[in-house]
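Here's the structure, in structure tokens; my notes come after.
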């Protein structure tokens, strides 16, 4: 038998929706934690209805909610809140990313929770923090990209463009996940159960640190330069003669000399004063990119990448999502695994978690239907069949 997963025996109760908190708790589930997702009886997490592209299920929801149990509860009802309290009495972690102020109104703020359950680790995922001037504002991913300045760094000179994934939500979910792991370790070693709070704004602000330093101490923010790197050159895509874009990156003077001599066939450019240092190359980016583009026009993409490989220059074809799905680094390493989703017997493919722990096979269990585990969880809490039927009839649970 395989050894138990690292978080086996840990119970997480989550009042979660959308992306950030579900991403944190799914990663806990990957490592063996029991995650009980508390959803509204009238349809559950609204992310279930974002789209219907994955065998009738939403792509966000399938990504974020495998290996969880779903319990539907009406927390506006006294009975619903009582059942939640019963759950929390045996839980290790409570995660919530409700609207501003909602947890406090339900008596689920971190301080009040720990008064009732001293060993419980409460984790709050908010937009702008639970204090300060913006604590009551709603927060979504694209709003965070705007407020942190990220949108002004992404796109072309003429147009700002959102990052194509939910980067603020992902950042928030990752910090919630790592914060919970640190809190569990602290509780195990000291007996103290710290609270965890993560705001989407703070998470993305951390990821904005390099352009923030560049702007604060350089006096200007990095320009929007499309797919090129704003502060390193050459670092961006070039179009080969067959129409395929190939991105290359030069990170140091050795690579710059190799690019000039072995790829461009112009070793004299190595000491050209326009390109002698990294800062010089950024300052004269347009002239430099024009020289490299001429060489790419003479080569097909495969030939160009082989020459770059030979010269020790990092490079990659600019893939479509279809090409990513078939990438040999995923397929040949068995990174795609089948999971089940509601409403169909056909499996869907999901990626294994990025962090591989030796001797540990991560959990890849089904994505739950809304309320799928309600009866079983209520029975565990000591509610008999008649009581469960009554709770369903009263609309307390689904």
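Sorting the Cα pairs of the stretch 246-320 by distance into bins of 5 Å, from 0 upward, gives 3, 16, 28, 29, 16, 6, 1, 0 percent per bin. Distance between the 7 Å Cα→Cβ label points at residue 286 and residue 50: 4.0 nm. Counting neighbouring Cβ atoms within 10 Å and putting the fewest first, the residues 51, 45 line up as 51, 45.
Taking 7 Å steps out from each Cα toward its Cβ at residue 393 and residue 112 produces label points 3.1 nm apart.
Subtracting the Cα-Cα distance of residue 358 and residue 85 from 0.36 nm times their residue separation leaves 94.6 nm of extension gain.
Put in order of Cβ neighbour count within 10 Å, fewest first, the listed residues 26, 340 become 340, 26.
If R0 equals 30 Å, the separation of the Cβ atoms of residue 216 and residue 318 corresponds to a calculated FRET efficiency of about 0.40.
Counting 0.36 nm for each residue step from residue 232 to residue 142 and taking away their Cα separation leaves a gain of 29.8 nm.
When only Cα pairs below 8 angstrom with a gap of at least 6 residues are kept, the chain shows a relative contact order of 20 percent.
Inter-label distance, residue 209 to residue 254: 2.7 nm, where each label sits 7 Å from its Cα along the C-beta direction.
The ranking of 206, 39 from fewest to most other beta carbons within 10 Å of each one's beta carbon is 206, 39.
Show me, bin by bin at 10 Å from 0, the whole-percent P(r) of the stretch 57-130 based on Cα pairs. Taking all Cα pairs of the stretch 57-130, the binned fractions are 16, 46, 33, 5 percent. Calculated on the Cα set of the chain, radius of gyration then Dmax: 25.6, 86 Å. DSSP bridge analysis restricted to the chain gives an antiparallel fraction near 45%, rounded to the nearest 5. Packing order of peptides 328-337, 341-350, highest average first: 341-350, 328-337 (average count of other Cβ atoms within 10 Å over each peptide's residues). Net length available on complete extension from residue 272 to residue 346 is 20.6 nm, with 0.36 nm assigned per residue and the Cα-Cα distance removed. At what distance in angstrom do the alpha carbon centres of the stretch 161-207 and the stretch 297-347 lie from each other? Each part's Cα centre sits 30 Å from the other's. The separation of the stretch 225-273 from the stretch 22-65, counted between C-alpha centres, amounts to 43 Å.
Values quoted throughout were computed directly from the atomic coordinates according to the rules given, and no laboratory measurement underlies them. Because the structure is a prediction, the values reported are computed rather than measured. So basically every Cβ, Gly included, is an ideal-geometry build from the backbone, and we count neighbours across all protein chains shown.
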